[in-house]
Amino acid sequence: MTTLQFKTPATRVTVDITAGVTEAARASGVQDGAVLVYCPHTTAGIYINEGADPDVVADVEAFLEEAVPQGRPYRHREGNSPAHIRSILTGNAVTIPLAAGRVMLGRWQHVFLAEFDGPRTRDVYVQILKT
Amino acid sequence: MTTLQFKTPATRVTVDITAGVTEAARASGVQDGAVLVYCPHTTAGIYINEGADPDVVADVEAFLEEAVPQGRPYRHREGNSPAHIRSILTGNAVTIPLAAGRVMLGRWQHVFLAEFDGPRTRDVYVQILKT
Amino acid sequence: MTTLQFKTPATRVTVDITAGVTEAARASGVQDGAVLVYCPHTTAGIYINEGADPDVVADVEAFLEEAVPQGRPYRHREGNSPAHIRSILTGNAVTIPLAAGRVMLGRWQHVFLAEFDGPRTRDVYVQILKT
């Protein structure tokens, strides 16, 4: 298993982690299977979507802030319940097929770490599974 | 890895892909492990839910259209940001256990490809992982 | 594959299933790979989030009840469409890396079975995948 680390510079920010994921897969030498990308934190998410136009990520961020507003009454005293809920909506992990040594992301797909409660240093685990 | 293809006939439509998934698993000959069903597109999703009553899928579609409305102001110029966001909410992949040669879908569970920006031809990758 | 069973005592309730998951992984003897935790039902979900403060789970439950309200008009006659939709939003499975015999949940992460249409007896499958 490989552990990647990312410093998230703001409260809410989305980091493109595709290069780290594909490099960890390549370094494993495994030809066929899958790549599990896993975030061990509870106020950050992992998702796959378009990476070509940064406006897509901006729209995702704006949607999540509106859909899970900071201003609702929450019971959790730390004040970061929206971050916990947003990470459940995106999920905290993705699994991508690995075939003939290639991580099978689609043409427009990138892997993103979504920070919902930064700035922090975040770990992302990359585990290779075999077919 | 097996690639399934589906033509989605409308802008928003949900396709039951269960038969293709179970057939790809059977053809692999693998008895125990898991089946990864992965969509390499950024405006379509994969999810598991009830397939017996088509009204469930209709309710899911109606919910997603209301929850991520087309009419919000979005920055992405292509006009399909709701499709990107809906695909993040459903996720673009599922992993199902494989035990004694059987894909362990529950009694009412079917696997669906949710098209949010069709009509298009969509690939779905099926990769078998071993236990 | 191991099957865990849980009796959910109420219509909507969240059950911490972390201990069952980690025990099934330990019993497998596998050192490196991943643990797939899969719910074969269509009105319950599986998610990972903070388990230290029960108020986080309470906030997640309240959010999902508001975001997918019972009072909308739904077509599915059984009246449990919100439960189906909530299970799609959380997802019905999680995959967690296994490294050196340890399930790599983060410090605050627990695995939850979210019952959206109980009380029922629910199965949860735990399958170990190898690296």
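The values are calculated or read from the model by the stated rules, or taken from the named source; none is laboratory data. In this text the structure is predicted, and so the values were computed from the model without any measurement. No Cβ is skipped: glycine too gets one built from the backbone with ideal geometry, and neighbour counts run over all protein chains shown. These accessible areas exclude ligands, DNA and RNA; they are computed on the full protein's heavy atoms, side chains included. Shrake-Rupley method; radii C 1.70, N 1.55, O 1.52, S 1.80 Å.
The set of residues in region A:117-131 that are open to solvent by 20 Å² or more (accessible area, probe 1.4 Å), part of a loop (DSSP other than H, G, I, E, B) and farther than 16 Å from C:Lys130 by Cβ comprises A:Asp117, A:Pro119. Residues in region C:93-112: is at least one closer than 24 Å to B:Val60 by Cβ, under 13 Å from the mean Cα position of the chain (by Cα), open to solvent by 20 Å² or more (accessible area, probe 1.4 Å) and hydrophobic (A, V, I, L, M, F, W, C)? Yes.
Only residues that are open to solvent by 20 Å² or more (accessible area, probe 1.4 Å) and either closer than 15 Å to B:Thr90 by Cα or not basic (Lys, Arg) (or both) were counted across region B:68-77, and they come to 5.
Residues of region B:86-116 being among the basic types (Lys, Arg) and either touching a residue at least 60 places away in the same chain (Cβ under 8 Å) or in a strand (DSSP E or B) (or both), which ones? Working first, answer last.
If we filter region B:86-116 for residues that are among the basic types (Lys, Arg), which is where we start, we get B:86, B:102, B:107.
Result: B:Arg102, single match.
Here C:Glu65 passes the criteria (1) open to solvent by 20 Å² or more (accessible area, probe 1.4 Å); (2) at the interface with another protein chain (Cβ under 10 Å from one of its Cβ atoms); (3) assigned to a helix (DSSP H, G or I) except the one numbered (2).
Residue by residue, here is whether (1) more than 23 Å from B:Asp123 (Cα to Cα); (2) within 17 Å of the chain's Cα centre (by Cα) holds:
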position	(1), (2)
B:Ala10	no, yes
B:Val13	no, yes
B:Thr18	no, yes
B:His41	no, yes
B:Val56	yes, yes
B:His76	yes, no
